[in-house]
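Heads up: the structure comes next, in structure tokens.
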Amino acid sequence: MSDQTGSDVAVAMHGIVKRFPGVLANDHVSFEARFGEVHALLGENGAGKTTLMNILYGIYRPDEGEIYIKGRRVTIRSPRDAIRLGIGMVHQQYRLVSTHTVVENVILGLPGNFFFPDRAARRKLEEFSEKYGLHVDPEARIWQLSSGEQQRVEIIKALYRGAEILILDEPTSMLTPGEIDELLGVIRRMAAEGHTVIFITHKLDEVFDISDRVTVLRQGKVVATLETARTDKPSLARLMVGREVLFRLEKRPASVGQTVLRVEGLHALNDRGLPAVRNVSFAIAAGEILGIAGVAGNGQRELVEALVGLRPSTQGRVFIKEQEVTHQPPRTLIERGVCYIPGERLIGLVPSLSVAENLILRNYCQAPFTQGAFLNYGAINEYADHLVAQYSVATPSLKTPVKLLSGGNIQRVILARETCRAPTLLVAAHPTSGLDVGATEYIRQLLLAQRDQGTAVLLVSEDLEEVLQLSDRIAVMFEGQIMGILPADQADLETIGLMMAGAKKMSVPEVV
Amino acid sequence: MWDFILLVLRAAIPAGTPLLFGTLGEVTAERSGVLNLGVEGMMIVGAVTAFGVTQSTGNIWLGVAAAALVGGILALVHAFASITLRVNQVVSGLALTMLGLGLSGLVGKRYIGMPPRTRFAPLAVPGLSDLPIIGPLFFRYDPLVYLAIALVPVLWFILYKTRWGITLRSVGESPATADALGVNVFRVRYLAVFFGGLMAGVGGAYLSVVYTTAWIEGMTAGAGWIVIALTIFAMWDPVRALLGAYLFGGVRVLQYRLQPLGISPNLLNMLPFIFTILVLLVSAGEAMRKRIGAPEALMQPYMREER
């Protein structure tokens, strides 16, 4: 595809190389997108998708390579250059000033009237909202908006600047299913108008939902560029991961043991001091996975935090192996064998500490890692080496700060630290959110392995399929309450979906 | 009693004016995300520069202008260290204060005890200055007092009602956002810090050529630190800066007036900082922080390629 410089090519990047300390993020990548097409950029985390697009948007400078926009060779030194060339980008973490209003965010950095707010800007903003169905209140402050609304502001921002080429970096990762449908509608409308949309994703379904063509990246290299209609899910997955992917997990029947965790009538408040968990009761036995399904924000986070001692409960009692642990600090719970994989990955780690140091955060104060007042780095490195190999963490070295690892590898570090000592209770919140197929598969298998060796697992996830696949029993949370607990073999998507919407309240059969 | 209150109020405004200049400058710098703890240093160098230039030229305005320029240049040192080199802003700012105190002492040796060649005549606003009570209280000051007051609405308007203001605040709240929209984060921050230096220089000048009309070593006596406290007290807002500056100006005046009554000046000296702590406590909550808190990116150097 190197010599195709036809007039329908909006963007062409040739031989792009970008090195970061210890990582070759883009290795002679060539990429092309046409006018009016939705082009998916597919790859695992760390494959170099975002890096490539950050180069196109002027955030990174490439070490080698050439960029052509509409057939003309360009050098993009900064986002300002990119904007002038008609490129817009919506980052995965929105770039919005959260204390400012929507209009202020949209017109930031644009020339125009010195005085502000000016009516022309607002009128233009409203026109755009109307035209693309991107409805949002111009006077609202960003922090008051939902994730989906914030994304609309980001898209309006790019369009307002006359973006013909729009890059969306994993745009669905923060959206509800309804919001995703709306977004896809907006993307179709833009493409129909002749915009080029580059859609970064690691979700295969989305590639087929929206894209015309797809370019697959693996470990910094382009593996293939294909017409979406002429390929299928398994072959794309193979290209992306580099091997066959299991879409079905092998799951042995559970051999349930004694009750490990028992929760009785638990109540907890959210950050704003409003009730978030209301009268929740359930139990988990050794060797089973209890999945908690629910739309985000229905008290799952607060429940998990209350269970691991990070949030005070206001009422109710918690028992671990029939010993009461209500109101105990995290340290005590850790000693009882409670392990926690937090939903936001960087909460579970100290980002600037090394891989080895993060791996001993739980037990740094025990022999052999500590000798008197000193840390024994010999023992620490030996231990870390072993874990890195066992959990196949891809890291340049044990001394690399974890923040430089990709999402999947960061999650492996957490899992290694939390599960290597056969916990009695494993609390996993959204363990695979934002991870690619390969890492997701690995982590799901690991959770099942934990179950099989007799750990009680509490799995909280917004990914319904994940909950259905892994759990032995499924609890559904709605507005802080448990709507019902079903055995996995009686649970189907429809029943669970209704319960998630709060429509159906089952009597809670106390199993175990 | 009424006379006493009037006297204090009248004295509070000139006493608060150098604080007001400094605070307006620091509010601007911090709104862009750069904390400059070098205010004390920039003020005192401004003070000695203004005094020296006024003595040799016989023109106070030249002295004030020179002080502003020198304050601005010192601020650029901090800007280079904290914006370009991304040094810790606290360290760099403290160094600037030390540097300023030492430098002013060195340069100022020959001005110690020198009588002033000239001073500002109070600018009586025609018609209004003869009103009873209000006249002497509001309309008989030197021109710099009025300049400081005039700057308040101007700065407020720029901050909240113009594109410059939105750009400045965005850079202080989220430099990555501003950068992604093509704003030159570095230029905005340099300009804001430079403006902060100009204002601190003028504030220092006010102390030496208007307020005291003499050069005394270490004459800022912590005014720069009160400016830092005031910036927080004012919650990064020019209008509240005006109120705060006159309030603390009044406190400074009271120190001398209340001493004979057995009230320790040290106690009153603490007041600005107690207020500051109170403001920090009140604005600690998430919702309050969004409305009145510090700029989100305050003290965070910006680097585009950070991963």
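Can you show me the helix-derived [θ] at 222 nm for chain A, built from DSSP H runs with n ≥ 4 at -39,500 (n - 2.57) apiece and divided by the number of residues, rounded to the nearest 500. Please list the in-between numbers first.
Values: 16 runs with 157 residues, N = 512.
About -9000 deg cm²/dmol.
Once you keep just the Cα pairs under 8 angstrom separated by 6 or more residues, what percentage relative contact order results for chain B?
Once normalised by length, the contact order is 36 percent.
What is the dipole size for chain B, taken about its Cα centre, with +1 at each Lys and Arg Cβ and -1 at each Asp and Glu Cβ, in debye to the nearest 20? Please report the intermediate quantities before stating the final value.
Numbers: 21 positive and 14 negative charges, 44 e Å.
It works out to roughly 220 debye.
Excluding ligands, DNA and RNA, what is the accessible area buried between chains A and B, summed over both sides, using a 1.4 Å probe, to the nearest 100 Å²?
Summed over both sides, the interface buries about 2900 Å².
Counting other Cβ atoms within 10 Å of each Cβ, which chymotrypsin sites (Phe, Trp or Tyr not before Pro) in region A:105-209 have at most 16 and sit in a DSSP loop?
Details: sites: A:Phe114, A:Phe115, A:Phe128, A:Tyr132, A:Trp143, A:Tyr160, A:Phe199, A:Phe208; in loops: A:Phe114.
Loop-located and lightly packed - A:Phe114.
Counting Lys and Arg as +1 and Asp and Glu as -1, each charge on the Cβ, what is the dipole of region B:1-157 about the Cα centre in debye, to the nearest 20?
Numbers: 8 positive and 6 negative charges, 75 e Å.
For this selection, approximately 360 debye.
How large is ³J(HN,Hα), in whole Hz, for each residue of region A:251-264 in order, when computed from phi with the Karplus curve 6.51 cos²θ - 1.76 cosθ + 1.60 and θ = phi - 60°, using x for Gly and Pro?
10, 7, x, 6, 10, 7, x, 6, 5, 9, 10, 10, 10, 10
Just list whichever of A:Lys157/B:Lys161; A:Lys203/A:Lys233; A:Lys203/A:Lys403; A:Lys49/A:Lys399; A:Lys131/A:Lys157; A:Lys124/A:Lys157 have alpha carbons separated by over 18 Å in the model shown.
Among A:Lys157/B:Lys161; A:Lys203/A:Lys233; A:Lys203/A:Lys403; A:Lys49/A:Lys399; A:Lys131/A:Lys157; A:Lys124/A:Lys157, the Cα-Cα distance tops 18 Å for A:Lys157/B:Lys161; A:Lys203/A:Lys403; A:Lys49/A:Lys399.
For the protein assembly as shown, give the percent of accessible area contributed by carbon and sulfur heavy atoms, probe 1.4 Å, rounded to a whole number. Mind showing how you got there, number by number?
Working: 20410 of 35220 Å².
After summing per-atom areas, the C and S share lands at 58 percent.
Can you pull the mean other chain C-beta count within 10 Å for peptide B:152-161?
1
What is the projected area of the convex hull of the Cα atoms of region A:378-512, averaged over all directions, in nm²?
9.7 nm²
What is the angle, in °, between the Cα long axis of helix A:147-160 and the longest principal axis of the Cα atoms in chain A? Nearest 10 is fine, range 0 to 90.
10 degrees
For chain A, calculate the relative contact order in percent as a whole number, restricting contacts to Cα pairs under 8 Å that are 6 or more residues apart.
15 percent
DSSP loop (so not H, G, I, E, B), at most 13 other Cβ within 10 Å: list which trypsin sites (Lys or Arg not before Pro) in region A:256-304 pass both filters.
Values: sites: A:Arg262, A:Arg272, A:Arg278, A:Arg301; in loops: A:Arg272.
Those that pass, being in a loop and sparsely packed, are A:Arg272.
Once amide H atoms are built 1.01 Å from N in the peptide plane, which residues 5 or more positions from A:Asn26, or in another chain, come under 5 Å H to H?
Residues meeting the amide H criterion: A:Lys18.
Expressed as a whole number of Å, what is the distance separating the alpha-carbon centroids of region A:333-359 and region A:118-142?
Using only Cα atoms to place each centre, the spacing works out to 43 Å.
With no solvent and one point on each alpha carbon, what is the Debye value of log10 I(q)/I(0) for chain A at q = 0.06, 0.11 Å⁻¹?
At q = 0.06, 0.11 Å⁻¹ the computed log10 ratios are -0.32, -1.05.
Treat region A:405-477 as a sphere of radius equal to its Kirkwood radius over Cα pairs and apply Stokes-Einstein at 20 °C in a medium of 1.002 mPa s; give the translational diffusion coefficient in µm²/s, rounded to a whole number.
Once the numbers are plugged in, D ends up at 171 µm²/s.
With N set to the residue count of region A:351-420, report its C-alpha Rg divided by 2.2 N^0.38 Å to two decimal places. Before the final figure, lay out each step's value.
Details: Rg = 11.3 Å, N = 70, 2.2 N^0.38 = 11.1 Å.
This ratio for region A:351-420 stands at 1.03.
Counting alpha carbon pairs within less than 8 Å and at least 6 residues apart, what relative contact order, in whole percent, applies to region A:1-121?
Reported as a whole number, the value is 23 percent.
Quick one, can you get me the convex hull of the C-alpha atoms of region A:9-241 expressed as volume per residue in Å³? Let's see the in-between values first.
Values: hull volume 28.7 nm³, N = 233.
So the per-residue Cα hull volume is 123 Å³.
What is the Cα radius of gyration of region A:248-313 over 2.2 N^0.38 Å, N being its residue count?
The reported ratio for this selection is 1.30.
What nm distance separates the two modelled labels at B:Ile277 and A:Asn270, each placed 7 Å from Cα along Cα→Cβ?
Distance between the two pseudo-spin positions: 3.5 nm.
Enumerate the aspartates and glutamates that B:Lys109 could reach by cross-link, defined here as Cα to Cα under 20 Å, with residues fewer than 8 away along the same chain left out.
Once the sequence-local aspartates and glutamates are set aside, what remains near B:Lys109 is B:Glu40, B:Glu217.
Any idea of the accessible area per residue across region A:24-160, 1.4 Å probe, to the nearest Å²?
Values: 5410 Å² over 137 residues.
Counting only protein heavy atoms, the per-residue value for region A:24-160 is 39 Å².
With a 1.4 Å probe and every protein chain left in place, work out the accessible area per residue of chain B in Å², rounded to a whole number.
43 Å²
Within straight cross-link reach of A:Lys70, meaning Cα distance under 13 Å, which aspartates and glutamates are found once same-chain residues fewer than 8 apart are removed?
By straight Cα distance, A:Lys70 reaches A:Asp8, A:Glu32, A:Glu164.
What translational diffusion coefficient, to the nearest whole µm²/s, does region B:103-200 have by Stokes-Einstein, given a Kirkwood radius computed over alpha-carbon pairs, a temperature of 37 °C and 0.692 mPa s viscosity? Mind dumping the intermediate values first?
Working: Rh = 17.5 Å.
Diffusion coefficient, whole number: 188 µm²/s.
Let me know the mean shielding of B:179-190 by other chains, meaning the per-residue number of their Cβ atoms within 10 Å of its Cβ.
Averaged over the peptide's residues, the number is 5.
Limiting things to C-alpha atoms, what are the Rg and the maximum Cα-Cα separation (Dmax) for region B:210-251, in angstroms?
Values for region B:210-251 (Cα only, Rg and Dmax): 11.8, 33 Å.
Give, rounded to the nearest 20 debye, the magnitude of the charge dipole that the protein assembly as shown has about its Cα centre when Lys and Arg contribute +1 at Cβ and Asp and Glu contribute -1 at Cβ.
With Lys and Arg at +1 and Asp and Glu at -1, about 2340 debye.
Across chain B, where is the longest run that never hits GluC sites (Glu not before Pro) in a DSSP loop with at most 10 other C-beta atoms within 10 Å?
Details: sites that count: B:Glu305, B:Glu306.
Here the longest segment lacking exposed loop sites spans B:1-304.
With both bridge residues required to lie in the protein assembly as shown, what share of the DSSP beta bridges run antiparallel, to the nearest 5%?
Antiparallel bridges: around 55 percent, rounded to the nearest 5.
Dividing the alpha-carbon radius of gyration of region B:136-292 by 2.2 N^0.38 Å (N being the number of residues), what value is obtained?
1.20
With both bridge residues required to lie in region A:9-241, what share of the DSSP beta bridges run antiparallel, to the nearest 5%?
Taking every DSSP beta bridge within region A:9-241, about 55 percent pair in antiparallel fashion.
Can you list the GluC sites (Glu not before Pro) in region A:94-202 that are in a DSSP coil and have 14 or fewer other beta carbons within 10 angstrom?
Within region A:94-202, the qualifying GluC sites (Glu not before Pro) (loop, at most 14 other Cβ atoms within 10 Å) are A:Glu139, A:Glu193.
Please work out the Cα convex hull volume for chain B and give it in Å³ per residue. Provide the component values of the computation, followed by the final result.
Numbers: hull volume 44.8 nm³, N = 307.
Spread over its residues, the Cα hull of chain B gives 146 Å³ apiece.
The values are calculated or read from the model by the stated rules, or taken from the named source; none is laboratory data. Please read all numbers here as calculations on a predicted model, not as lab measurements. Heads up, the Cβs are rebuilt from the backbone with ideal geometry, glycines too, and the neighbour counts pull from every protein chain shown. Keep in mind that these areas ignore ligands, DNA and RNA; they rest on the heavy atoms of the full protein, side chains included. Shrake-Rupley method; radii C 1.70, N 1.55, O 1.52, S 1.80 Å.
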